[in-house]
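Worksheet: the structure to be examined is printed underneath.
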Amino acid sequence: MQSNEKYSQAYLRWTVNERTQHWILAISFIVLVFTGFALKYPESWWSWPFLYAGAFDLRGTLHRIAGSAYLALSFYHVWYLLFNERGRAKLQALKLRLQDIFDMKDQILHNLGKSRTVPKYGHFTYWEKFEYWALVWGTLIMAFTGLVLWFENISLQIFPLWFLDVSTVIHFYEAILATLAILVWHFYFVIFNPTVYPVNFSMFNGYITEEEMREEHAAELEEFLTKEPEQEPEQEILTTEK
Amino acid sequence: MTVKMMTRLVCVLFLALVTNSYAQSNAECLECHSDPELAKEPDSTGKTISLFVDEDLFGESIHGGFECIDCHSDIEDAIHEDDLQKVNCGDCHDDAVEAIAASVHGEFANGQSPDLPGCARCHGTHNILPKDDPNSLVSRMNQPNTCGQCHANPEVIARNNFAIKSAVAMYEKSIHGELALSGSADAATCSDCHGGHNTLYPLDEKSSIYKLNISKTCGQCHESEKDEYLMSVHGTSLLEGAKDSPTCIDCHGEHDVLRPDNPDSRTSGFNVAVDVCSPCHASERMAAKYGLNAARVKTYKDSYHGLASRGGKAAVANCGSCHGVHNILPSSDPRSLINASNLASTCGTCHPNASENFTRGKIHLVEGENETVIMGYVEAFYISMIVVIIGFMIIHNGFDLAAKIRHIRAEKYHAK
C-alpha cells in the first residue's frame, strides 16, 4: 500500500458508486469471458469446472446471469451519465475531442524520444477515453448479438438463420477483441504502467496520488490548484482533495 | 409334435427295446462308477480323467431315464475294456451333429484345431439338462460362460487367432449381457445372434451375422427398428450393394452394445457425432466415394449444438435429433425428418413455435457454401481488426513502457 504521506496529497477520483459500477462490470466481464470461451473450447483444460455431469448447463446459466448483470449495469450507467450531476460531468470529460488525437501523437513522439514535452491531460487521458468508447461500442455489439442468440426462438421468427450464424461469429470475435483489449490496454495502464505499478489503487480506495495526478492529469491538477479554495468542490469538479 | 421330436421318440423306443435284451442295468455300472475316486491312469500329458458318475445329477438330467449302455453302446459286459469309444450323440441327435459339422465349429473337427467343442464341451455329459432349465450349460444365462470356455480363454484365442479377443467380457458389460445375466428371458445371448449348432463365419452368406443378414438377426427382437432401418438410406444403400453402408452393428457395436441413454454408449447423444457418424461422414475416402462433404461433421461440432454437446450438455441436438436414427433419409425424400416440409416439426421438437422462417436457412454449412460468404467477410473483417487494433496497442504501450523505464533510469542516475 501507499504511504500515509502520499495519501495526504490524494484526490478523490471515483466515488463508491462509481467504483461499484466498475467492479460489477469487472466481475460480470470476467464471468462472461470464462463461461463464454468454455463453450467455444469445451475440451480445454481451463473449462474443467463445467465438465462435471450437468455442470455445462450451469455454464450457460452463469453466462446469462453475468450478461444480465452487465446489461442492467449498462442501463444504470446511462441513467447515471444523464441524470446524475457527477455522471454528467464525467460524460463531459469523456467527450472525444480533436485534441485527443494530437495528445496521442505528442505522447508517442515523446515516448519515441522525439519530443521533450508531455501532453497535459485533463480528467481523462486519450487512452482512457478511447478505452471507454471502445467498451461502449463492444457492449452494444455483444449485448445485441448475445440477446439474438439467447432468445433464438424469437430471433428466428424475425431474422433468417444466417443472421444467427453471423451473430455467433461476431459474438466470438468481438469477445476475443474485448478480452485482448482488456489484457493489453487496460491492464497496462492500471497495472503494469510504472506510474501506477503494482496497481492503480484509485479503483479500490477512490483516491489518486498527487504524483499520479501530475503524470497523467496535469491539466486537471493545474485547474484544481488554481481554483478558489472556498468553492464547493463536489458539484463542479470531478477530482476533489481529500 | 414336430418331426424332429417324432424321430427322437422312435429312436428312444428303439434303443429301449434293443438294450433291454442285453439287460445290463445302471445299478451294475454304478457299482464301480459311483466311486468318486475312480479314474483312468494319467495319460501322456499327465491328465487324469475321472470315471465317477454322480447318480443324482444323472437322474435329474434330461437323459436320466436312459440306461448307461444306451449311450455307451459298445459296452457288452459289466467288466468292460478300459478304452471305450466316444459316445456318439448323433445316434439320436443326428440333425444337431449334421449342423455342427457344417458350422464353423465343424471345421475344427477336420484336424485344424485341438479346441473343437465336441457336444460335451457345451452340453456337458451325464448332467445334460434341457436348455430351458436355468442350470443347463446352454441356458440363456450360462451361454456366456459355456462359450467362454474357449472364447474367453486367452490360450485358445491365441492358438486359433480369434479376431475378437474379448467377446464374452464385452458381452457381459453390454445391455444384452447385463439383462441376460440378471435372468431376463428376452435379452439376446450368444446363440440368439450366432446360432447354436449352425454358427457360421460372418463372411458366409448363410451366416446370421453376415452383413446383409444382421438387420434380420437383430430384427428378431428389434422389429420396428429393423423395418425403419430397411427403408432408410443406410438400409437401402446396403441392400443395393454399397458395402460401406452401415448396418445395426456398425453404429451400435456388437458384443458391447449399450443403451443410447447410457452416457458411455457410442450411440448416446454425447458420443454419436464422434463415435457413430464421424467414422464415415468425416472420412475423406467415404466423402470422395459417395459424394459427401467430409467437413460437414466438423461444422456441427463447431456449432452451438455441437459445442454444448461436447461440453456435456444433455439437452442439445445431436446428429440423430434432426436426421433421425434408424430412419435417416436424404433431405429430398418427403419422409425425411430434414425434408423442407418436416423441418418445422423437427426443429419444433426443441424450439417451440419454430416457424417457416425458422427453417428457411441452411444449417451447418461448410465454408465456401453459398450462405457462408457473409460469414467469411465478417470473420476476415474481425481478424484484421484484431490484428491492427491489438497490434497498435502492443506497440503503443511498448513505447510507453520503454520511455518510462528510460525516465526512471535517468532519475536514478541523477539521484546518485
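Does segment B:306-320 hold any residues that are in a helix (DSSP H, G or I) and open to solvent by less than 50 Å² (accessible area, probe 1.4 Å), and which are they?
If the condition is that a residue be in a helix (DSSP H, G or I) and open to solvent by less than 50 Å² (accessible area, probe 1.4 Å), then B:Gly306, B:Leu307, B:Ala308, B:Ser309, B:Gly311, B:Cys319, B:Gly320 are the ones that fit.
Does B:Ile328 satisfy the criteria of being in a loop (DSSP other than H, G, I, E, B), within 23 Å of B:Thr247 (Cα to Cα), open to solvent by less than 50 Å² (accessible area, probe 1.4 Å) and more than 14 Å from chain A (Cβ to nearest Cβ)?
When the stated conditions are applied, B:Ile328 passes them.
Quick check on my filter: what residues within segment B:337-348 are in contact with a helix residue (DSSP H, G or I) (Cβ under 7 Å, 6 or more places away or on another chain) and in a loop (DSSP other than H, G, I, E, B)?
The answer is B:Leu337, B:Ile338.
Before we move on, is B:Ser174 under 15 Å from the mean Cα position of the chain (by Cα), over 27 Å from B:Pro114 (Cα atoms) and crowded, with 17+ Cβ neighbours inside 10 Å?
The answer is yes for B:Ser174.
In the list A:Phe29, A:Phe37, which residue meets the criterion of being under 25 Å from B:Leu307 (Cα atoms) and more than 14 Å from chain B (Cβ to nearest Cβ)?
A:Phe29
Please work out which residue is farthest from A:Asp57 (Cα to Cα), limiting yourself to segment B:293-313 and to residues that are within 13 Å of chain A (Cβ to nearest Cβ) and among the aliphatic types (A, V, I, L, M).
B:Leu307
From the list B:Asp132, B:Asp115, pick out the single residue that is in contact with a Phe, Trp or Tyr (Cβ under 9 Å, 6 or more places away or on another chain) and acidic (Asp, Glu).
Answer to the check: B:Asp115.
Kindly evaluate A:Trp162 against the criterion of being at pLDDT below 95 and at the interface with another protein chain (Cβ under 7 Å from one of its Cβ atoms).
Taking the combined requirement at face value, the residue satisfies it.
Which of (1) of a type in the set (Ser, Thr, Tyr); (2) more than 7 Å from chain A (Cβ to nearest Cβ); (3) surrounded by 13 or more Cβ atoms within 10 Å (Cβ to Cβ) is the odd one out, the single condition B:Ser355 does not satisfy?
(2)
Output the qualifying pairs, or none if there are none: Cβ atoms under 7 angstrom, residues six or more apart or on different chains, first residue in segment A:63-86 and more than 13 Å from A:Glu18 (Cβ to Cβ), second residue open to solvent by 50 Å² or more (accessible area, probe 1.4 Å) and among the aromatic types (Phe, Trp, Tyr).
That search, which allows pairs on different chains as well, returns A:Arg64/A:Trp150.
Since B:Ile363 meets every condition but one in (1) in contact (Cβ under 8 Å) with a residue 24 or more places away in the chain; (2) more than 7 Å from every other protein chain (Cβ to nearest Cβ), which condition does it not meet?
(2)
All but one of (1) free of Cβ contacts under 8 Å to residues at least 60 places away in the same chain; (2) touching a helix residue (DSSP H, G or I) at 6+ places or on another chain (Cβ under 6 Å) hold for B:Glu81; state the number of the condition that does not hold.
All conditions are met except number (2).
Of the residues B:Ala78, B:Ala120, which single one is out of contact with any strand residue (DSSP E or B) (no Cβ under 9 Å at 6 or more places or on another chain) and not in a loop (DSSP other than H, G, I, E, B)?
The unique qualifying residue is B:Ala120.
Residue by residue, here is whether (1) within 38 Å of the chain's Cα centre (by Cα); (2) among the charged types (D, E, K, R) holds:
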position	(1), (2)
B:Asp302	yes, yes
B:Ala354	no, no
B:His396	no, no
B:Arg406	no, yes
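Go through segment A:144-158 and give me each residue that's at the interface with another protein chain (Cβ under 7 Å from one of its Cβ atoms) and open to solvent by less than 30 Å² (accessible area, probe 1.4 Å).
Residue satisfying the conditions is A:Leu156 alone.
This table checks each residue for (1) over 30 Å from A:Ala38 (Cβ atoms); (2) open to solvent by less than 40 Å² (accessible area, probe 1.4 Å).
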| residue | (1), (2) |
| --- | --- |
| A:Ile65 | no, no |
| A:Trp79 | yes, no |
| A:Asn84 | yes, no |
| A:Ala89 | yes, yes |
| A:Gln92 | yes, no |
| A:Asp103 | yes, yes |
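Condition first: of a type in the set (Val, Ile, Thr) and either in contact with a strand residue (DSSP E or B) (Cβ under 9 Å, 6 or more places away or on another chain) or under 30 Å from B:Gly118 (Cα atoms) (or both). Now tell me which residues in segment B:194-248 satisfy that. Please lay out each step first, then the result.
First, the residues of segment B:194-248 that are of a type in the set (Val, Ile, Thr): B:199, B:209, B:214, B:217, B:233, B:236, B:247.
Those that are of a type in the set (Val, Ile, Thr) and either in contact with a strand residue (DSSP E or B) (Cβ under 9 Å, 6 or more places away or on another chain) or under 30 Å from B:Gly118 (Cα atoms) (or both): B:Thr199, B:Ile209, B:Ile214, B:Thr217.
Across segment B:137-155, what is the total count of residues that are buried (at least 16 other Cβ atoms within 10 Å of the Cβ) and touching a residue at least 12 places away in the same chain (Cβ under 8 Å)?
12
If you check A:Leu135 against the conditions, is it open to solvent by less than 90 Å² (accessible area, probe 1.4 Å) and at pLDDT below 95?
For A:Leu135, the condition - open to solvent by less than 90 Å² (accessible area, probe 1.4 Å) and at pLDDT below 95 - is not met.
Could you list all residues from segment A:159-176 that are open to solvent by less than 30 Å² (accessible area, probe 1.4 Å) and of a type in the set (D, E, K, R)?
Across segment A:159-176, the qualifying residue is only A:Glu174.
Consider only pairs whose beta carbons are under 7 Å apart and that are at least six residues apart or on different chains; among these, list those whose first residue lies in segment B:292-314 and is within 14 Å of B:Glu367 (Cα to Cα) and whose second residue is surrounded by fewer than 17 Cβ atoms within 10 Å (Cβ to Cβ) and β-branched (Val, Ile, Thr).
Here the result reads B:Asn293/B:Val366; B:Ala295/B:Val366; B:Arg296/B:Val366; B:Thr299/B:Val366, each pair linking segment B:292-314 to a residue that is surrounded by fewer than 17 Cβ atoms within 10 Å (Cβ to Cβ) and β-branched (Val, Ile, Thr).
Tally up the residues in segment A:165-188 that are in contact with an Asp or Glu (Cβ under 8 Å, 6 or more places away or on another chain) and more than 8 Å from every other protein chain (Cβ to nearest Cβ), please.
1
Return yes or no: is B:Ser341 closer than 21 Å to A:Pro42 by Cβ and over 27 Å from the mean Cα position of the chain (by Cα)?
The answer is no for B:Ser341.
The values are calculated or read from the model by the stated rules, or taken from the named source; none is laboratory data. Computed from a predicted model, the values in this text were never measured in an experiment. All Cβ positions, even for glycine, are placed from backbone atoms using ideal geometry, and neighbour counts span all protein chains on display. The protein model used for the area step is the full one, side chains on, heavy atoms only, and it has no ligands, DNA or RNA in it. Shrake-Rupley method; radii C 1.70, N 1.55, O 1.52, S 1.80 Å.
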